[in-house]
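The values are calculated or read from the model by the stated rules, or taken from the named source; none is laboratory data. Worth saying up front: this structure is predicted, and the values here are computed from it rather than measured. Heads up, the Cβs are rebuilt from the backbone with ideal geometry, glycines too, and the neighbour counts pull from every protein chain shown. Accessible surface is based on the protein model in full, side chains and every heavy atom, while ligands, DNA and RNA are left aside. Shrake-Rupley method; radii C 1.70, N 1.55, O 1.52, S 1.80 Å.
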Amino acid sequence: LGWPEDAEALLDQLLKRLPVSIAVALINKAPPEQMDAIKERYPQNAVFYLRGDYAREEILLKANVQGAFKAIILADRQPGETAAQVDQRTLFTALTLKALHPKIRIMGELLRPENRTYLERAGAEEVLIRGQYDSSLLAGAIASPALFRVYTSLLVGDGQGLWDIEIPSQFHGRPLSDLAAFIREVHQGILIGI
């Protein structure tokens with residue numbers, strides 16, 4: 001929901017990570033020809049576009065929000081808007097999403113860190129503050145260039161990444177080594193946290 005200037009990079013990274021069978025609906029006020037050009041870049045993916053104000057209930061209903069399992073609300077600053085207005089729209093959108101579909105998982109992007117608590121209270125499971133990690137990444141690049149390359153590799157998503165998986169019930173109460181072997185065999189991954 002929303003289309004800030006770097007949204008295309010986000011969409012590219014998202015589509016690299018999602019199975020092609022998962023549909024992605026873009027809801028924003030961008031010109032249809034711009035969205036058509038973006039959809040053409042991903043012919044193998046089910047990418048849909050609905051033009052409109054994503055904070056409005058009727059637009060969310062038209063987009064079939066009840067059939068969605070996750071919503072990403074981007075901090076989409078329109079000309080003349082303040083950061084407070086952008087965050088307010090994100091908050092209203094989260095409230096509307098939860099009213100229409102209480103089980104939907106919401107990730108919301110804010111411009112002002114002081115609004116985090118409000119968005120969490122509105123039901124967002126994940127909250128990202130735009131620019132929150134920039135200073136840490138830059139300092140890390142100076143202090144530890146090798147570690148910075150690892151971060152970059154994980155963030156860019158060129159075949160590698162961190163994944164959150166559900167632990168199968170047959171591993172509850174069993175040694176961690178059994179789960180690690182399963183993840184290595186089935187997901188070709190390395191268990192690094194639990």
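Structure above, values below:
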| read-out | value |
| --- | --- |
| Approximate shape of the chain as ellipsoid semi-axes (Cα gyration tensor, √5λ), whole Å, largest first | 31, 22, 19 |
| Inter-label distance for Ile190 and Ala139, nm, one decimal - labels placed 7 Å from Cα along Cα-to-Cβ | 2.7 nm |
| Per-pair calculated FRET efficiency, R0 = 41 Å: Ala9 and Phe92 via Cβ, rounded to 0.05 | 0.95 |
| Relative contact order for the chain, counting Cα pairs under 8 Å that sit 6 or more residues apart, in percent | 14 percent |
| 1.4 Å probe accessible area per residue over segment 1-89, in Å² | 56 Å² |
| For segment 1-100: relative contact order, % (alpha-carbon pairs under 8 angstrom, 6 or more apart) | 31 percent |
| With every protein chain in place, the chain: carbon and sulfur % of accessible area (1.4 Å) | 57 percent |
| Fully extended contour minus Cα-Cα distance, from Glu58 to Ala83, at 0.36 nm per residue | 6.5 nm |
| Estimated 222 nm signal from helices in the chain, with DSSP H stretches of n ≥ 4 weighted -39500 (n - 2.57), rounded to 500 | -13000 deg cm²/dmol |
| Descending semi-axes in whole angstrom, ellipsoid equivalent of segment 1-92, from the Cα gyration tensor | 22, 15, 12 |
| Net charge of Cβ neighbours under 13 Å - reference Ile192; Lys, Arg +1; Asp, Glu -1 | 0 |
| Asp134 - accessible surface, heavy atoms, 1.4 Å probe, Å² rounded to 10 | 90 Å² |
| Of Lys29/Lys62; Lys29/Lys98; Lys16/Lys98; Lys29/Lys70; Lys29/Lys103, those spanning more than 18 Å from alpha-carbon to alpha-carbon | Lys29/Lys98; Lys16/Lys98; Lys29/Lys70; Lys29/Lys103 |
| Amide N proximity, segment 68-92 versus Glu126 label position 7 Å along Cα-to-Cβ, cut-off under 12 Å | 70-73 |
| Per DSSP, loop GluC sites (Glu not before Pro) in segment 32-134 with at most 14 further Cβ within 10 Å | Glu81, Glu125 |
| Filtered chymotrypsin sites (Phe, Trp or Tyr not before Pro), segment 1-93: DSSP coil and at most 11 other beta carbons within 10 Å | Phe69 |
| For segment 93-194, alpha-carbon Rg relative to the globular expectation (2.2 N^0.38 Å, N residues) | 1.43 |
